[in-house]
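The values are calculated or read from the model by the stated rules, or taken from the named source; none is laboratory data. Note that the coordinates shown come from a computational prediction; the quantities given were computed from them, not determined experimentally. Positions of Cβ are generated from backbone atoms using ideal geometry, with glycine treated the same way; all protein chains shown enter the neighbour counts.
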Amino acid sequence: MKKIVHVVGTGTIGEPLIGLFTDFSDRLGIDEVTFHKRTPLESDKAKIRHLMERGARLATDADRKSDFEAMGHEVSYEKHEALERATVVIDCTPAGNRNKEEIYNHLAGPRGFIAQGSEFGFGKPYARGVNDEALRPGDDRFLQVVSCNTHNIGTLLKTVAGRGAGQPLGLDRAIFVCMRRANDVTQTGSFVPAPTVGKHGDADFGTHHARDAHGLFQTLDMDLDLFSSAVKLNTQYMHSLWFHMVLDHDTTHQEVLQSLVDNPRVAMTDKDAANLIFSFGRDHGYYGRILSQAVVVQPTLAVRNQREVYGFCFTPQDGNSLLSSIAAALWQIDPDPDSVAQRLRPLSRWIYREI
């Protein structure tokens, strides 16, 4: 049977996913890449043409087909036909939960469905390198790739407080302050004129960032004491994260540093400004993204009272979510961990260890 990946949406997550799957289809073991675009916009005409020239095939709603054809695009499939014939469906829209209830639950063809971080409750939360062992073949047909900041938090927790595979984290509690960019460089709306703080809407976790990270580790039967705050900054570069972890065991600065250096999905840097990391991604990334899970600013690492770990790190846009989305799709096609790791190898050139 053909292995077909179908991507719903062509935004900041959808477009680079389509590009990655088409550019590396042979090495990822993908036979065909299709994508759904609902609205024919002149502003998206060049983007859609470029994706199709690279091998992706367009699907749309039946009543929009003639509009896309009038723009010069060949429509290969109607919306439901593309969904039913897909092996894996990756929903990159803010309507993943609604689509699950209205459409995906009633499809028999696809082996799995994947939604992005905003779609809390879509399926089992997943972040590559954090909770791979929690995935259950045959049971986890619906997966939610957690947000880029949740990737960052989860990676830091597992790396700094980790005791080894299958062991509970050596963590007493942790606090995070997420300093979020106002909007993506591709967006013209929602920019803020000044730093804007977020409310603590969750009595247990503060903001959804800690709640989402807690849910990620719940898949490993861990109940972590986490709290987060958020502030939106008037920048488009990238998210920044301040962390304070209290371990349940003594450690040293060198031990913490070594654990981060040893994690192949963590990038270390001496750069202290987000624009320097962002520009590195622009110059050396795929679609401007680096695929590392976190970028830790080494000079900010501090250990106090032998158990308190402090520091700053940058969240590499949505590159970490892209890597997890691809890994999740490959797992749903063939859940053998060694096979997934082997097929992901072509993307390792963008998982930087040092920036």
- Flagged pairs (Cβ under 7 angstrom, 6 or more apart or on separate chains; first in region 271-291, more than 18 Å from residue 14 (Cβ to Cβ); second among the aliphatic types (A, V, I, L, M) and in a helix (DSSP H, G or I)) are 271/277
- Item | Cβ pairs under 7 Å, 6+ apart, first in region 20-43 and surrounded by 23 or more Cβ atoms within 10 Å (Cβ to Cβ), second β-branched (Val, Ile, Thr) and part of a helix (DSSP H, G or I) | 20/326; 33/18; 33/22; 35/18; 37/48
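With the structure loaded, tell me whether residue 102 is farther than 30 Å from residue 135 by Cβ, more than 24 Å from the chain's Cα centre (by Cα), assigned by TED's automatic domain parsing to the domain that holds residue 330 and free of Cβ contacts under 8 Å to residues at least 24 places away in the same chain or whether it fails that test. Steps first, answer last, please.
On the way: farther than 30 Å from residue 135 by Cβ: no; more than 24 Å from the chain's Cα centre (by Cα): yes; assigned by TED's automatic domain parsing to the domain that holds residue 330: yes; free of Cβ contacts under 8 Å to residues at least 24 places away in the same chain: yes.
So residue 102 fails the test.
Name the single residue that is farthest from residue 213 (Cα to Cα) among those in region 111-142 being hydrophobic (A, V, I, L, M, F, W, C) and surrounded by fewer than 24 Cβ atoms within 10 Å (Cβ to Cβ). Before you say what the answer is, go through the steps one by one.
Applying the first criterion (hydrophobic (A, V, I, L, M, F, W, C)) to region 111-142 yields 113-115, 120, 122, 127, 130, 134-135, 142.
If we keep only those that are surrounded by fewer than 24 Cβ atoms within 10 Å (Cβ to Cβ) too, we end up with 120, 122, 134-135, 142.
Values: 120: 12, 122: 15, 134: 14, 135: 16, 142: 18 Å.
My answer is 142.
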- Message: Given the options 70, 46, 62, 86, name the one that is buried (at least 19 other Cβ atoms within 10 Å of the Cβ) and of a type in the set (A, V, I, L, M, F, W, C).
- Response: 86
- Note on the structure: Of the conditions (1) closer than 30 Å to residue 138 by Cα; (2) not in a helix (DSSP H, G or I), the single one that residue 22 does not satisfy is (2)
- Task: State which residue is nearest to residue 2 (Cα to Cα) when the search covers only region 66-83 and only residues that are hydrophobic (A, V, I, L, M, F, W, C) and not in a helix (DSSP H, G or I).
- Result: 75
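Would you check which residues across region 227-250 are touching a residue at least 60 places away in the same chain (Cβ under 8 Å) and more than 20 Å from the chain's Cα centre (by Cα) and list them?
Taking region 227-250 and keeping what is touching a residue at least 60 places away in the same chain (Cβ under 8 Å), we get 228, 238-249.
Across region 227-250, the qualifying residues are 244, 245, 246, 247, 248, 249.
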- Message: Of everything in region 49-59, what is crowded, with 17+ Cβ neighbours inside 10 Å and either outside any helix (DSSP H, G or I) or among the β-branched types (Val, Ile, Thr) (or both)? Give them in sequence order.
- Response: 56, 57, 58, 59
- Please state which one of 83, 20, 58, 51 is modelled with pLDDT of 95 or more, of a type outside the set (D, E, K, R) and within 25 Å of residue 337 (Cβ to Cβ). 20
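Has region 233-245 got at least one residue that is exposed (fewer than 14 other Cβ atoms within 10 Å of the Cβ) and within 17 Å of residue 313 (Cβ to Cβ)? Quick ask: steps written out before the conclusion?
Here is the first cut: in region 233-245, the residues exposed (fewer than 14 other Cβ atoms within 10 Å of the Cβ) are 234.
Those still in the list that are within 17 Å of residue 313 (Cβ to Cβ) too: none.
No, every residue in region 233-245 fails to be exposed (fewer than 14 other Cβ atoms within 10 Å of the Cβ) and within 17 Å of residue 313 (Cβ to Cβ).
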- Query: Does residue 317 qualify as being at negative phi, in contact with a Lys or Arg (Cβ under 7 Å, 6 or more places away or on another chain) and surrounded by 15 or more Cβ atoms within 10 Å (Cβ to Cβ)?
  - Reply: no
